[in-house]
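The values are calculated or read from the model by the stated rules, or taken from the named source; none is laboratory data. This one's a predicted model, so the numbers in the text were calculated from it and none came from an experiment. Cβ sites come from the backbone with ideal geometry, for glycine too, and all protein chains shown count toward neighbours. Surface areas here come from the heavy atoms of the whole protein model, side chains and all, with no ligands, DNA or RNA. Shrake-Rupley method; radii C 1.70, N 1.55, O 1.52, S 1.80 Å.
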Amino acid sequence: MRVRLLGTAAGGGVPQWNCACAACDRARKAGTTRTQDCVAVSGDRRTWYLLNASPDLRAQLAATPELAPGPGPRETPVRGVLLCTAELDHTLGLLALREAETITVYGTAAVLDALSGPFPVRGVLGAYTSLAWTPVAVDEPFELAGGLTVTAVPVGAKRPRYAAGAPSTGDWVVAYRISDRRTGGVLVYAPCLPALGGPFLAAVTGARAVVVDGTFLYDDEMARATGAGRTATEMGHLPVSASLRDLTRFGARVLYTHLNNTNPLGAATAAERETLAAYGAEVAEDGQALTL
Ligand code: MLT
Ligand code: MN
Ligand code: ZN
């Protein structure tokens with residue numbers, strides 16, 4: 001399996017357009033960017049699936065040679081999108097795929113309902129392209145083209161803010177466990193992880209790589225950076241400081257992604273990266289590739 005990390009920032013990216021915090025200011029001056037969370041995976045390097053659809057998707061696709069169209073004039077290797085959440089930073093990019101002849105979108109019932117109701121992407125996109133809207137049941141493996149098998153792992157029930165009126169029950173947040181039927185390589189992708197629950201830890205068992213929630217390093221990071229704000233845990237993101245020890249016990253490569261602009265780990269020279277390195281964990285970077 002080939003994995004390409006297209007974007008590794010939380011919603012807003014780095015620098016965030018309206019943020020003058022130290023990290024955004026540094027990135028702006030250096031001309032560096034971390035784009036919003038999105039991953040591409042392929043079992044055969046010919047057919048690719050996107051994990052989430054970032055608001056930066058157009059630029060991410062253009063920057064990734066494997067995802068270039070051809071040989072037919074409108075032929076694309078991108079076969080579908082698997083959604084972990086219905087959050088805007090994971091779904092706005094769907095609108096950027098409207099030129100596709102057809103697009104298959106996988107998500108749980110809660111996520112697909114949100115995209116038909118409070119954020120009516122389905123109806124809007126349906127006027128532009130032919131959509132195959134494919135519900136995913138947690139814990140039930142299904143196959144993708146190119147030799148991949150996927151299982152959605154339930155990890156949380158946090159609704160997007162725009163869906164506050166939707167039912168609070170349901171699989172609002174899932175991780176994906178993706179295995180390559182040929183190589184046996186397993187990727188676990190969990191950019192939004194509120195806690196290390198049993199189903200998640202079971203999914204990590206036997207994985208070669210875990211690309212996981214690195215939104216915040218510390219639980220009180222928002223307050224530290226901005227003087228106000230909820231804790232990481234209240235926002236549905238287990239901080240790196242609380243997951244590092246447990247996640248690095250499984251023998252899998254651990255890469256932290258979906259970094260918020262307040263996260264000191266975002267800077268390549270951050271002293272905080274030494275603690276990660278001591279546990280053998282890494283900060284995911286835009287454009288990084290893995291072979292599993
Ligand atoms: C999240 O990851 O918790 C959401 O994307 C937050 C948001 O953008 O509202
Ligand atoms: Mn997010
Ligand atoms: Zn900032």
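Looking for something closer than 30 Å to residue 182 by Cβ, within 16 Å of ligand 2 (Cβ to nearest atom), in a helix (DSSP H, G or I) and open to solvent by less than 10 Å² (accessible area, probe 1.4 Å) - is there at least one such residue anywhere in the stretch 79-87? Write out each step before concluding.
Quick first cut of the stretch 79-87, residues closer than 30 Å to residue 182 by Cβ only: 79-85.
Restricting the remaining residues to those that are within 16 Å of ligand 2 (Cβ to nearest atom) gives 81-85.
Next, only the ones that are in a helix (DSSP H, G or I) stay: none.
For the stretch 79-87, residues closer than 30 Å to residue 182 by Cβ, within 16 Å of ligand 2 (Cβ to nearest atom), in a helix (DSSP H, G or I) and open to solvent by less than 10 Å² (accessible area, probe 1.4 Å): absent.
State which residue is nearest to ligand 2 (Cβ to nearest atom) when the search covers only the stretch 28-51 and only residues that are more than 18 Å from residue 186 (Cα to Cα) and in contact (Cβ under 8 Å) with a residue 60 or more places away in the chain.
The selected residue is 37.
Is it true that residue 127 is more than 16 Å from ligand 2 (Cβ to nearest atom), among the hydrophobic types (A, V, I, L, M, F, W, C), out of contact with any strand residue (DSSP E or B) (no Cβ under 7 Å at 6 or more places or on another chain) and open to solvent by less than 30 Å² (accessible area, probe 1.4 Å)? Spell out the reasoning first.
On the way: more than 16 Å from ligand 2 (Cβ to nearest atom): yes; among the hydrophobic types (A, V, I, L, M, F, W, C): yes; out of contact with any strand residue (DSSP E or B) (no Cβ under 7 Å at 6 or more places or on another chain): yes; open to solvent by less than 30 Å² (accessible area, probe 1.4 Å): no.
So residue 127 does not fit the description; no.
Can you tell me which condition residue 189 does not meet? The list is (1) surrounded by 15 or more Cβ atoms within 10 Å (Cβ to Cβ); (2) outside any strand (DSSP E or B); (3) of a type outside the set (A, V, I, L, M, F, W, C), and all the others hold.
With (1) surrounded by 15 or more Cβ atoms within 10 Å (Cβ to Cβ); (2) outside any strand (DSSP E or B); (3) of a type outside the set (A, V, I, L, M, F, W, C) applied to residue 189, the lone miss is (2).
Going residue by residue through the stretch 110-124, is there one that turns out to be open to solvent by 20 Å² or more (accessible area, probe 1.4 Å), among the charged types (D, E, K, R) and not in a strand (DSSP E or B)?
Among the residues of the stretch 110-124, at least one is open to solvent by 20 Å² or more (accessible area, probe 1.4 Å), among the charged types (D, E, K, R) and not in a strand (DSSP E or B), which makes the answer yes.
Is there a residue being assigned to a strand (DSSP E or B) and open to solvent by 40 Å² or more (accessible area, probe 1.4 Å) anywhere in the stretch 143-152?
Yes - at least one qualifying residue is present in the stretch 143-152.
Taking into account only those residues within the stretch 55-78 that are in a helix (DSSP H, G or I) and out of contact with any Cys (no Cβ under 9 Å at 6 or more places or on another chain), which is surrounded by the fewest Cβ atoms within 10 Å (Cβ to Cβ)?
65
Do you know which residues across the stretch 1-20 are among the small types (Gly, Ala, Ser) and either within 16 Å of ligand 1 (Cβ to nearest atom) or touching a helix residue (DSSP H, G or I) at 6+ places or on another chain (Cβ under 7 Å) (or both)?
Hits for the stretch 1-20 are 7, 9, 10, 11, 12, 13.
Quick one: how many residues across the stretch 192-237 are touching a residue at least 60 places away in the same chain (Cβ under 8 Å), in a helix (DSSP H, G or I) and open to solvent by less than 10 Å² (accessible area, probe 1.4 Å)?
0
Limited to the stretch 155-176, what total is found for residues that are charged (D, E, K, R), open to solvent by 60 Å² or more (accessible area, probe 1.4 Å) and assigned to a loop (DSSP other than H, G, I, E, B)?
2
Taking residue 183 and the conditions (1) of a type outside the set (Phe, Trp, Tyr); (2) surrounded by 14 or more Cβ atoms within 10 Å (Cβ to Cβ); (3) touching a residue at least 60 places away in the same chain (Cβ under 8 Å); (4) not in a helix (DSSP H, G or I), which numbered condition does it fall short on, given that it satisfies the others?
All conditions pass for residue 183, except number (2).
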